[in-house]
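The values are calculated or read from the model by the stated rules, or taken from the named source; none is laboratory data. Remember, it's a predicted structure, so these values are computed and weren't measured experimentally. Heads up, the Cβs are rebuilt from the backbone with ideal geometry, glycines too, and the neighbour counts pull from every protein chain shown.
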Amino acid sequence: MQKLELWRPVAMGWITQGFGGNGKWYQNKGIEIDGHNGLDFAGCDGYNVRAAHDGLVMFAGVDNFNGVAVEIITHEACDIGGKVAYGKTIYGHMRQGSLRVTSGQLVKSGDRIGIVGSTGLSTGPHLHFGLKRVVPGLGGSAWITQNHENGYLGAIDPLPFLLPYNASDAVKVTTIMETIIRAAKSAVDKLKELVANKKYA
């Protein structure tokens, strides 16, 4: 089974806050979690936020905690830290009016989904990037977060799954691969044509 791999969602964004810790800050805000339940990527207001993996947009809108946010679920179950599940990535605090996707939309790694902002429970422009293991509910009608009672609302540290590349690179890789495939197909078609016309033996 393929292991989950995530492209970095913000180009040139460095991690300013890791997973865990700072629990009292959240509790003072009335949020019952043990600490920070994701990674914070610094980014100037206006930086593009890109999908970290291929998947299906399950949510694109506003919530009280993450502000303008998007949630994307992987197409297939994968190995996430030794456990088989679908991965759900969460992108929070984006700029009002910046969403480029809607619920139910299929996205590819590197697709633009929004812009860095400071909406919701945020102290300045950055992207909150979260990860949860989810499985289909009974009859496939809903998604259930595994280990929801782990103190982080089911979130796990995304850092071990991050590739050392920005999601914008995924677009370049895809474009290069598509160009190579087109060139190979064209060469095969030309060879078939030559053979059919007996111009090549």
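Taking segment 1-42 as the range and being in a loop (DSSP other than H, G, I, E, B), free of Cβ contacts under 8 Å to residues at least 40 places away in the same chain and either of a type in the set (Ser, Thr, Tyr) or within 16 Å of Arg95 (Cβ to Cβ) (or both) as the test, no residue passes. Among the numbered conditions (1) more than 19 Å from Ala60 (Cβ to Cβ); (2) at pLDDT below 95, the only one that Leu121 does not meet is (1).
Got a sec? Which of Asp45, Asp79 is of a type in the set (Asp, Glu) and either within 14 Å of Pro158 (Cβ to Cβ) or in a strand (DSSP E or B) (or both)?
Values: Asp45 fails: either within 14 Å of Pro158 (Cβ to Cβ) or in a strand (DSSP E or B) (or both).
One residue alone meets the criteria, Asp79.
Cβ separations smaller than 6 Å between residues 6+ apart or across chains give the following pairs from segment 110-125 residues that are touching a residue at least 24 places away in the same chain (Cβ under 8 Å) and farther than 9 Å from Ser98 by Cα to residues that are of a type in the set (A, V, I, L, M) and in a loop (DSSP other than H, G, I, E, B): Asp111/Ala51.
In segment 148-159, is there at least one residue being out of contact with any strand residue (DSSP E or B) (no Cβ under 8 Å at 6 or more places or on another chain), surrounded by fewer than 19 Cβ atoms within 10 Å (Cβ to Cβ), acidic (Asp, Glu) and modelled with pLDDT of 80 or more? Yes, because at least one residue in segment 148-159 is out of contact with any strand residue (DSSP E or B) (no Cβ under 8 Å at 6 or more places or on another chain), surrounded by fewer than 19 Cβ atoms within 10 Å (Cβ to Cβ), acidic (Asp, Glu) and modelled with pLDDT of 80 or more.
Residues that are at pLDDT 95 or above and surrounded by 13 or more Cβ atoms within 10 Å (Cβ to Cβ) do occur in segment 19-34. With the condition kept exactly as written, say whether any residue in segment 107-119 is aliphatic (A, V, I, L, M) and closer than 17 Å to Asp54 by Cβ. Checking segment 107-119: at least one residue is aliphatic (A, V, I, L, M) and closer than 17 Å to Asp54 by Cβ. Pairs meeting the criteria (first residue in segment 133-160 and under 17 Å from His36 (Cβ atoms) and free of Cβ contacts under 8 Å to residues at least 12 places away in the same chain, second residue surrounded by 15 or more Cβ atoms within 10 Å (Cβ to Cβ) and hydrophobic (A, V, I, L, M, F, W, C), beta carbons under 9 Å, at least 6 apart or on different chains) are Asn150/Ile156.
With respect to the stated conditions, Glu71 is under 21 Å from Gly117 (Cα atoms) and out of contact with any Asp or Glu (no Cβ under 8 Å at 6 or more places or on another chain). Take the residues in segment 114-130 that are aliphatic (A, V, I, L, M) and buried (at least 24 other Cβ atoms within 10 Å of the Cβ); name whichever of them is farthest from Trp14 (Cα to Cα). If we take residues in segment 114-130 being aliphatic (A, V, I, L, M) and buried (at least 24 other Cβ atoms within 10 Å of the Cβ), then Val116 is farthest from Trp14 (Cα to Cα).
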